[in-house]
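First up is the structure itself, then whatever we jot down about it.
The values are calculated or read from the model by the stated rules, or taken from the named source; none is laboratory data. This is a predicted model, so every value here is computed, not measured. Methodologically, a virtual Cβ is constructed for each residue, glycine included, from the backbone with ideal geometry; neighbour enumeration extends over all protein chains shown. Surface areas here come from the heavy atoms of the whole protein model, side chains and all, with no ligands, DNA or RNA. Shrake-Rupley method; radii C 1.70, N 1.55, O 1.52, S 1.80 Å.
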Amino acid sequence: MAKTGSKGGYGTFAVILVSALLAIAVFLINRLEVYERVTRQPVSEELSSDNFYVLGKWLSESGHPVRFSPRWAGIKDLSPQEGGLFLMASLVDWETEGEPLVPWVREGGSLIISVDPAWYWRMSGALRVSANLTALETFLKDLGLVLLVSTLEDEDGETDEAGETGPDGAVEEQEAPGETGDDTAEDEIEVPNYDWTVGLELAEEPRPGTLVLRDERENIRLIRIALGKGHLTVTGSCYFMYNYNLRAGVDAKLTWELTGASLGAERPAMLFVRGRRAAGGLFATLRERGNLWPPLVSIAALVLIGFWTVIPGFGVRREEETAGHGAMTGRFAAEARFLQRYGAYGAYLEAYLWELRRRSGGRKPGREIKEVEAALASGKKIGRRKIAVYLKNLMSALERI
């Protein structure tokens, strides 16, 4: 019977425990709200230092291997698998390295020339260009393209006009991806992020298959012409290919049309020859996201304190005198402990007294000598501190003679 009662008690306890847990669970479900906490993570160093980082990942994951290079070594730098080539124009010597690109394009290559703003700037109100830019203009003119580079903005705030194309209907005019085509609602027209400082014109009657893209003001910002089996695309800085701009559908569509969609199965890879800005390290991160003054002040204070600690002082330092007295007292205290341990302090003090009497030449002994003689004559045990005091007094008396 006792065992049965014990089992019944355990069962009742288990039922109560389960009921309590169920009640707590119901309370938590009805009363507590579970929500996700969003934490902001800083961008990676690769993303902050490379404007084409997202594009490279996108193309690689879609079956188009991507290779980046900071310099152009000529057509020999291309591998047999690379059917696409992006060139930042300022990195190419167009007088000597431009012509070999044309046969490569005619054989099926897809070439994108990005006229970056490293060549031109405003100086005293006039546009200054380099000889290499003139060579690029000649190279493009031979292919039927005219390059127009503005001085960023005119005095009235509008960019330079890029001119008009040839006769109507001769060019395969296409709206930029994302445009609605409604001329009456210009505020709804969405165009890619073009470079507003670079415009283009067609120098001759265009060939079939030419693609011309304009901005909101009808200035030509991108031209793509067919050369043999391949294509040549010319535009300004490709802002529409940058990391954050690819979130916009119109930029992503144009980027894909010029890159992934232009690569065949036999040559699916692409080479990007473009500059890359440095991430800047710790100081650049502090400058962008925080205040740079606190670490600079801390470093300066640390350097100052370090120099202050190693520069020697001048004159006599009282601290050294105090330290010297402390060291002398400690030496006598050690002698006193040694003499007391071996019971030899009497003989040691007597040796000092004998030397003092010999040097005094019969003169009357001083007070410290009489005190030591009285202590020795009493026959009582002398403590360590007292022995140290006696030794110090006798040493001082010897130095005065």
Legend entry - Estimated vicinal HN-Hα couplings, Hz - region 210-218 in sequence order (Karplus 6.51, -1.76, 1.60; Gly, Pro = x): 7, 10, 10, 10, 10, 8, 5, 9, 6
Inset, instruction - Would you kindly find the accessible area of PHE13, with a 1.4 Å probe and non-protein molecules such as ligands, DNA and RNA excluded, rounding to the nearest 10 Å²? - result: 130
Legend entry - Amide proton proximity set for LEU227, modelled H, under 5 Å, gap of 5+: LEU232
Legend entry - Nearby lysines by direct alpha-carbon distance to LYS392 (threshold 16 angstrom, same-chain neighbours under 8 apart not counted): LYS370
Legend entry - Protection-proxy order for peptides 81-91, 209-219, each taking the mean of Cβ atoms within 10 Å per residue, highest first: 81-91, 209-219
Inset, instruction - Calculate one ³J(HN,Hα) per residue across region 54-61 by plugging θ = phi - 60° into the Karplus curve 6.51 cos²θ - 1.76 cosθ + 1.60, and present them in order as whole Hz with x for glycine and proline. - result: 5, 4, x, 5, 4, 5, 4, 6
Legend entry - Sorted peptide list for 244-254, 226-236, criterion being average Cβ within 10 angstrom, highest first: 226-236, 244-254
Legend entry - Nonlocal amide H pairs with PHE272, under 5 Å, H built at 1.01 Å: ARG67, PHE68, SER69, PHE86
